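Notes follow the structure.
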Amino acid sequence: MRILYITRKFPPSIGGMQTQSKEFYDAISDRNTVFLVSWGHSQAFLPLFLVYAFFKAVGILAAKDVEIIQLGDMVLSPLGLLLKILFKKPVLTVSHGRDSVYSGLLYDFFTISSAGKLDRVICVSHNNMNTLAARGILEEKLRVRGIRLFKGIHV
């Protein structure tokens, strides 16, 4: 399977999400062709990364026969939704927990609503999944890690 993986939390920056993103990338790369678009630096430059990631993703999606777009976390959901609309590819994102409880007018409008329009939100726990369901994301779009998602992809 050919997967486009976009993540804003990746080494060399250090943290739990960075470790999870790298381990996820390593795991899916063993069995699939993975095109990585990552940012391993300060989140202060996140707006620049989003622009970079959009253009890099468009180039990859135009040139390669990508089957699935995987996002490293829900903050990237607006980008994923735009790519889903433009390229008609299934898009998955991961909710690490804090992104399910954080609330703010712009965050709720852009991130939560965009995540709800993606094909799957992979949750790190059942509590995480229940929180997102309570926030309006359809239960059939929510999965806890380890559940089969698309064509043999397990996360």
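The values are calculated or read from the model by the stated rules, or taken from the named source; none is laboratory data. The model shown is predicted, which means the values in this text are computed figures rather than measured ones. Neighbour counts are summed over all protein chains in view; Cβ atoms, including those assigned to glycine, are modelled from backbone coordinates with ideal geometry. Surface accessibility is based on the protein's heavy atoms, side chains included, excluding ligands, DNA and RNA. Shrake-Rupley method; radii C 1.70, N 1.55, O 1.52, S 1.80 Å.
Given Cβ point charges of +1 (Lys, Arg) and -1 (Asp, Glu) and nothing else, what value in debye, to the nearest 20, does the dipole of the stretch 15-90 about its Cα centre take?
260
Based on DSSP H runs of at least 4 residues, each adding -39500 (n - 2.57), what is the mean residue ellipticity at 222 nm of the chain after dividing by all its residues, to the nearest 500 deg cm²/dmol?
Rounded to the nearest 500, it is -11500 deg cm²/dmol.
Shape class for the stretch 31-106: prolate, because the ratio a/c of the largest to smallest gyration tensor axis (alpha-carbon atoms, square roots of eigenvalues) is 1.5 or more and a/b beats b/c. When the P(r) is computed for the stretch 18-155, the part past 26 Å accounts for 18% of the Cα-Cα pairs. Surface exposure of the stretch 1-44, expressed per residue as accessible area with a 1.4 Å probe, stands at 49 Å². About its Cα centre, the dipole of the chain is roughly 240 debye, where the only charges are +1 on Lys and Arg Cβ and -1 on Asp and Glu Cβ. If you take all other residues with their beta carbon under 9 Å from the beta carbon of residue 43, and give Lys and Arg +1 and Asp and Glu -1, the sum is +2. Share of carbon and sulfur in the accessible area of the chain stands at 61%, probe radius 1.4 Å. Annotation: amide H of residue 142 within the under-5 Å range of 121, sequence separation 5 or more or interchain, hydrogens built in the peptide plane. Taking 0.36 nm per residue of separation and subtracting the current Cα-Cα distance, fully stretching the chain between residue 51 and residue 126 would add 23.7 nm.
Using the Cβ of residue 54 as centre and a radius below 15 Å, the other residues enclosed give a net charge of +4, where K and R count +1 and D and E count -1.
With the simple model of a label 7 Å out from the Cα in the direction of the Cβ, residue 19 to residue 43 spans 1.7 nm.
What does the C-alpha gyration tensor say about the overall shape of the stretch 1-61? Classify as rounded when a/c is under 1.5, otherwise prolate if a/b is larger than b/c, or oblate. Note, shape of the stretch 1-61 comes out oblate.
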